[in-house]
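Working notes, structure below.
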Amino acid sequence: MHAVTSGQAPEQAHETVSHKIAFIGGGNMAQALIGGLLAQQFKAADITVSEPVEALHDTLRELGVKVTTDNQQAVHDARVVVLAVKPQVMALVLEPLRDQFKNQLIISIAAGVTISTLSRLLGNYPRIVRAMPNTPALIQTGASGLYATAAVETADRALATTVLQAAGLVLWVEQEQQLDAVTAVSGSGPAYFFYLMEAMIQAGQDMGLTEAQSKALTLQTALGAAKMAVNSPHSPAQLRKNVTSPNGTTQAAIEAMDATQVNVHIQQALQAAATRSAELAIALEHSSATVK
Ligand SMILES: NC(=O)c1ccc[n+]([C@@H]2O[C@H](COP(=O)([O-])OP(=O)(O)OC[C@H]3O[C@@H](n4cnc5c(N)ncnc54)[C@H](OP(=O)(O)O)[C@@H]3O)[C@@H](O)[C@H]2O)c1
């Protein structure tokens, strides 16, 4: 894995970025990415969203972007097309578009839809980047893994980086299979931290705090720990050792976790997510194989 870049793009901070971008699907992820693009000085007038759900149109228009229900019209003069529909409808969405792509860079954020499936659905179209973002993209604190075949040129890779970087950190992987690990670590990752928060809030309540007190303390602690880990030159392991005094309270907690092999269970959980990601990719490959 290589090329980690943060969401802050200082070189773009004072200039307007001009690329026509079309989003196919205007749901949660598309809205998150669009919010990030606008914050990074992309022009709203250059962004078109094709979304069949009329109820979402007002929300999208409030962002200032163009809204349509016509996918072909949306991609017509776009430089970048972001495929932000659910994986299950991808074949249906791409079939009518397969003759529409000439020079566009296609970025798919659909979980589990492989480059070969996308390329096949588009009549062997080569300019495709596959990305796996996560929900903190909604607050421009996301983490995205990106993969493209060797056929995708440096300029297209840079463009994909710019688009996804609007939502947070961007990390390119060298093998498509590694996106299963990205899915397991960061794609599904927010849920693991929410799970830990749930358990800590419950424990605080069990020990006499109100739910509100326990929640406030838990969330602020999660935020503080994440900020420390991001900003520190030390590894999380070292940071943990630094706050674990011999025979102190933290040591008692860590020993209890070690006794039940919490770390092993977490590793098994992430392995289960990666395995499921690979299974879903195979299932989607098969289900879309009937679409010529
Ligand atoms: N949310 C995440 O954490 C996350 C993380 C990584 C990747 N992703 C990927 O991001 C993609 C979008 O996820 P999301 O959470 O944003 O889903 P979402 O909120 O359901 O958004 C998808 C939107 O696309 C619309 N759509 C359906 N068919 C369409 C068509 N033919 N043409 C144009 N638009 C169409 C959907 O409308 P309907 O509601 O009518 O179907 C929906 O509004 C998925 O492929 C997912 O795998 C999501």
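Per-residue counts of other Cβ atoms within 10 Å, averaged by peptide: what ranking do you get for 159-168, 121-130, highest first?
By packing density, highest mean first, the sequence is 159-168, 121-130.
Return a whole-number percent for the relative contact order of region 80-162, with Cα pairs under 8 Å and 6 or more residues apart as the contact set.
25
Of ALA137, ALA155, ALA39, which has the largest mean-square fluctuation in a 10 Å C-alpha GNM of the chain?
Residue with maximal mean-square fluctuation among ALA137, ALA155, ALA39: ALA155.
For the chain, modelled as a GNM with alpha-carbon contacts under 10 angstrom, which of MET200, MET132, MET29 fluctuates the most?
Evaluated over the chain, the most mobile residue of the options is MET200.
I'd like the carbon and sulfur percentage of the solvent accessible area for region 167-231, probe radius 1.4 Å, heavy atoms only, ligands and nucleic acids excluded.
65
Could you check the simple spin-label distance between ALA272 and ASN103, using points 7 Å along Cα→Cβ, in nm with one decimal?
Distance between label points: 4.9 nm.
Convert each backbone phi in region 81-94 into a coupling constant with the Karplus relation 6.51 cos²θ - 1.76 cosθ + 1.60 (shift: θ = phi - 60°), then list the ³J(HN,Hα) values in order as whole Hz, x for Gly and Pro.
Each residue's phi maps through the Karplus curve to give 10, 9, 8, 10, 9, 4, x, 5, 9, 4, 4, 4, 6, 7 Hz.
Could you please state, rounded to a whole Å, how far the C-alpha centre of region 54-133 is from the C-alpha centre of region 155-201?
What the calculation gives is 20 Å, centre to centre.
Would you please give the FRET efficiency between ALA191 and ALA253, computed as 1/(1 + (r/R0)^6) with r the Cβ-Cβ distance and R0 = 30 Å, to the nearest 0.05?
Efficiency computed from Cβ-Cβ geometry: 0.85.
Rank ALA74, LEU33, GLY224 by how far each Cα sits towards the positive end of the charge dipole of the chain (+1 on Lys, Arg Cβ; -1 on Asp, Glu Cβ) and give me just the farthest.
Value: ALA74.
Relative contact order for region 2-177 using alpha-carbon pairs under 8 Å, separation at least 6, rounded to a whole percent?
Reported as a whole number, the value is 26 percent.
Using a simple charge model, +1 on the beta-carbon of Lys and Arg, -1 on the beta-carbon of Asp and Glu, nothing else, what dipole does the chain show about its Cα centre, in debye to the nearest 20?
340
With the chain treated as a Gaussian network of Cα nodes joined by springs under 10 Å, which of ALA281, ALA110, ALA191 yields the largest mean-square fluctuation?
Of ALA281, ALA110, ALA191, the Gaussian network model singles out ALA191 as fluctuating most.
DSSP H helices in the chain with Cα extent of 20 Å or more along the helix axis and mean Kyte-Doolittle hydropathy at least -1.0?
189-206, 211-231, 262-288
Less than 29 Å apart at the alpha-carbon level, and either on another chain or at least 8 residues along: which lysines does that give for LYS227?
The reachable lysines, counting only those whose Cα sits under 29 Å from LYS227, are LYS215, LYS241.
Quote the charge dipole size of region 189-260 about the Cα centre in Debye, to the nearest 20; the model charges only the Cβ of Lys and Arg (+1) and of Asp and Glu (-1).
300
For the peptides 260-273, 72-85, what is the packing order when you average, over each peptide's residues, the other Cβ atoms within 10 Å and list the highest mean first?
72-85, 260-273
Under 20 Å Cα to Cα from LYS43, which aspartates and glutamates show up? Leave out anything in the same chain fewer than 8 places away.
The reachable aspartates and glutamates, counting only those whose Cα sits under 20 Å from LYS43, are GLU11, GLU15, GLU51, ASP58, GLU62, ASP77, ASP156.
So between MET228 and HIS286, what do we pick up on full extension, going 0.36 nm a residue minus the alpha carbon distance?
16.4 nm
How large is log10 I(q)/I(0) at q = 0.07, 0.12 Å⁻¹ when the Debye formula is applied to the Cα atoms of the chain, each weighted equally and without solvent?
After summing over all Cα pairs, the log10 values are -0.31, -0.84.
Report the antiparallel proportion of the DSSP beta bridges in region 74-174 as a percent, rounded to a multiple of 5.
So the antiparallel bridges amount to about 25 percent of the total.
The values are calculated or read from the model by the stated rules, or taken from the named source; none is laboratory data. If you're wondering where the values come from, they're calculated on a predicted model, not measured in any experiment. Using ideal geometry, Cβ is built from the backbone for each residue, glycine included, and neighbour counts are taken over all protein chains shown. All accessible areas refer to the heavy atoms of the entire protein, side chains included, with ligands and DNA or RNA removed. Shrake-Rupley method; radii C 1.70, N 1.55, O 1.52, S 1.80 Å.
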